[in-house]
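Please read the structure below before turning to the comments.
The values are calculated or read from the model by the stated rules, or taken from the named source; none is laboratory data. Owing to the predicted nature of the structure, the values given are computational and were not obtained by experimental measurement. These area figures cover heavy atoms from the full protein model, side chains too; ligands, DNA and RNA do not enter into them. Shrake-Rupley method; radii C 1.70, N 1.55, O 1.52, S 1.80 Å.
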Amino acid sequence: MTTLTDSTLLITGGNRGIGRGLVDEALTRGAARVYVGTRRPLPHPDPRVTPIVLDVTDPAQVRRAAEQVASLDILVNNAGVALPDVLDDRGALERHLAVNLFGTYDVTRAFLPHLLLSRGALVNNLSVNGFAPLPVLPAYSVSKAAAFSLTQSLRTLLAGRGVRVHAVMTGPVDTDMTRDLDVPKATVASVAQAVFDGVEKDEEEIFPDPLSAELADGWRGGMVKTLARRLADMPTAGPAEVRTDKEDR
């Protein structure tokens, strides 16, 4: 079971929105150290917070960030981008994939050695649009669906190595990213609380807001989740491993 008390976390995209809420909630729950990854330096009054300059699309910054962190119990991949488009521009799709998919992948690989040592937890903040696309954000929806598949694959590969993997299937939240969406939205604080409640309860998929919570029972008892469990139990030809940056050197 994962607990935040006395734990060390890294939260990417922690300067605003859900990321900032997760930082505040981690401190409230007694975290010993919270590394906050942002593209620009972020001052914070709490001495337990250590800002790290981290653009998840910059491999050099990702490597330096991993070198700055001595140990880690929980990695929260929260950094993301959501821009309206109509899938008529490959560049827009590539920008979303660069942050929401490959940024998550690269940060996970860089910090995985720390999580393996601590037998810690990986938390990927995704979206209900990984299940079904939002018409005004199709590139975002594609990238979140891909990131959800990545998260499921990582869970299967890391299950025997002591790292727990959580997919946060977030619905509309009252942040700058959703300012122009005229729909009911959950508060940042309530979502942050629900995310860490789910981590501490060891929930594989976390549904942290009213809209996503409506999907929880149907997902957990549905055909897709059942298939995922069956495939995860299938024997492999050899030991399943996720390579890390240290193994590449």
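A compact table of results
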item	result
Accessible surface of Asp6 - all protein chains present, 1.4 Å probe, nearest 10 Å²	120 Å²
Fully extended contour minus Cα-Cα distance, from Arg230 to Ala60, at 0.36 nm per residue	57.4 nm
All aspartates and glutamates inside 18 Å of Lys185 as judged from Cα atoms, apart from same-chain residues fewer than 8 positions distant	Asp174, Asp176, Asp209, Glu214
Descending semi-axes in Å of segment 44-88, equivalent ellipsoid built from Cα gyration tensor	27, 15, 10
Accessible-area ranking of Phe131, Phe148, largest first, probe 1.4 Å	Phe131, Phe148
Directionally averaged projected area (convex hull, Cα atoms, the chain), nm²	13.6 nm²
Mean Kyte hydropathy of -0.5 or more with a Cα span along the axis of at least 24 Å, helices from DSSP in the chain	138-158
Rg(Cα) / (2.2 N^0.38 Å) computed for segment 79-198, rounded to two decimals	1.11
For His166, residues with placed amide H under 5 Å, excluding near neighbours	Leu122, Val123, Asn124
Candidate residues Tyr105, Tyr140: accessible-area rank, largest first, probe 1.4 Å	Tyr105, Tyr140
Ser212, Ser190, reordered so the largest accessible area comes first (probe 1.4 Å)	Ser190, Ser212
Segment 1-121, accessible surface, carbon-and-sulfur percent (1.4 angstrom probe)	53 percent
Probe 1.4 Å, accessible area per residue of the chain, Å²	49 Å²
